[in-house]
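Notes for the one structure printed next.
The values are calculated or read from the model by the stated rules, or taken from the named source; none is laboratory data. Predicted model, so just to flag it, every value in this text is computed and none were measured. Here the Cβ is made from the backbone with ideal geometry for all residues, glycine too, and neighbour counts use every protein chain on show.
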Amino acid sequence: MPKLLFRNAHPGVALVLVAVAALLSMVLNRLMQQPISVVLALSTGLGAWFLNYILVYRSRYLKMNYLFGWLWFAAAFALCSGRQGIQWHTVGGSIAAAAWMALAYEMSSDDRSALTRRINLGFITGLLLLWNVRFSYFLIVSLWAIGWGTSRSGRGILQLLMGWLVPAAAIATYRWTIGGPESFLAWIAPLQPKLEWSLPSIGEAVLAFWLLMAIPQTLRAAVSAKRSKRHGLYLSWSGILVAVVWRIAHPDAATSGVLAVFATPQLLNLQDYLPKYWMRVLVGPSLLAGGLLSVFWG
């Protein structure tokens with residue numbers, strides 16, 4: 001059973017995670033008749049390991065095992081299957097979101113000064129514009145996240161904005177001076193919303209069902225969990241909201257990898273606190289099944 005296997009903290013399980021994620025990504029893309037190289041398949045497996053590594057050790061509440069990486073892959077599998085399968089933008093977008101989330105987790109840490117944490121979060125948020133200008137949406141949730149562990153003061157907001165402005169201004173200046181106004185306008189053009197609506201795929205519907213199930217568990221954690229866990233779940237919901245708005249405003253956007261990252265803390269919490277054991281067991285397999293059904297009937 002994957003849930004029990006990936007709860008094992010033995011380093012050898014990491015190899016199993018990489019191999020299983022790589023194999024299943026190849027199977028998914030073959031079924032969808034989408035190209036996938038061995039390098040991309042292995043990168044998907046390594047991405048699952050990396051997300052597990054960077055977020056488990058930064059979060060201060062996720063358990064020390066490989067279940068996070070497995071559930072991320074299962075969510076990405078469900079979200080990608082109705083469209084383009086597992087592609088480079090899926091893995092790259094996930095790693096970018098995980099890097100941002102790892103720094104956002106530090107907002108509740110007392111190991112570094114508040115100034116350093118705010119500057120770092122703002123800087124990485126601005127640096128993500130190199131990947132996609134639509135990561136500008138992360139600035140909104142970053143302004144909310146800086147209140148964890150420190151006061152959400154005007155000075156704190158300015159510190160985060162200054163950190164963001166350095167890479168953002170550098171990228172914009174490079175686009176304008178090297179590529180000209182046309183290059184700059186082409187860079188910011190993806191921010192224009194299209195606001196088209198389409199029915200969710202089966203995999204997306206399955207993930208939405210589990211996220212609805214997660215709402216009562218978040219409310220439960222709000223009154224009984226430790227501070228680090230509460231902050232992690234709140235951050236997860238804020239990221240989910242950003243990813244959903246991104247998806248609605250830009251139907252052409254490849255947001256599956258980003259949404260999978262933010263949804264995974266909720267899935268991991270469900271694995272521990274769903275009232276029925278059989279429901280806990282079904283989380284991962286149902287996402288994989290939803291992805292496969294989307295291939296044939298999506």
Close pairs (7 angstrom Cβ cut-off, 6 or more residues apart or separate chains): part of a helix (DSSP H, G or I) in segment 1-19, modelled with pLDDT under 75 and surrounded by 19 or more Cβ atoms within 10 Å (Cβ to Cβ) anywhere: V13/F6; L17/F6
Hits in segment 107-140 - residues which are crowded, with 19+ Cβ neighbours inside 10 Å, hydrophobic (A, V, I, L, M, F, W, C) and modelled with pLDDT under 85: M107
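Can you name the helices (runs of 4 or more DSSP H) wholly within segment 195-298 that have at least 3 residues being free of Cβ contacts under 8 Å to residues at least 12 places away in the same chain?
202-224, 277-297
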Positions within segment 6-36 being more than 14 Å from A48 (Cα to Cα), touching a Gly at 6+ places or on another chain (Cβ under 9 Å) and crowded, with 17+ Cβ neighbours inside 10 Å, in sequence order: L28, N29, M32, I36
Those residues of segment 283-294 which are surrounded by fewer than 21 Cβ atoms within 10 Å (Cβ to Cβ) and in contact with a Gly (Cβ under 8 Å, 6 or more places away or on another chain), in sequence order: L293
Conditions (1) under 8 Å from the mean Cα position of the chain (by Cα); (2) of a type in the set (F, W, Y); (3) farther than 25 Å from L5 by Cα; number of the one not met by F262: (3)
From the options W148, W197, W164, residue that is surrounded by 14 or more Cβ atoms within 10 Å (Cβ to Cβ), at pLDDT below 90 and of a type in the set (F, W, Y): W148
For I215: the one exception among (1) β-branched (V, I, T); (2) within 18 Å of L274 (Cα to Cα); (3) in contact with a Leu (Cβ under 7 Å, 6 or more places away or on another chain); (4) modelled with pLDDT of 90 or more: (3)
Hits in segment 56-74 (condition: under 14 Å from N269 (Cα atoms), hydrophobic (A, V, I, L, M, F, W, C) and either surrounded by 24 or more Cβ atoms within 10 Å (Cβ to Cβ) or at pLDDT 85 or above (or both)): L67, F68, W70, L71, W72
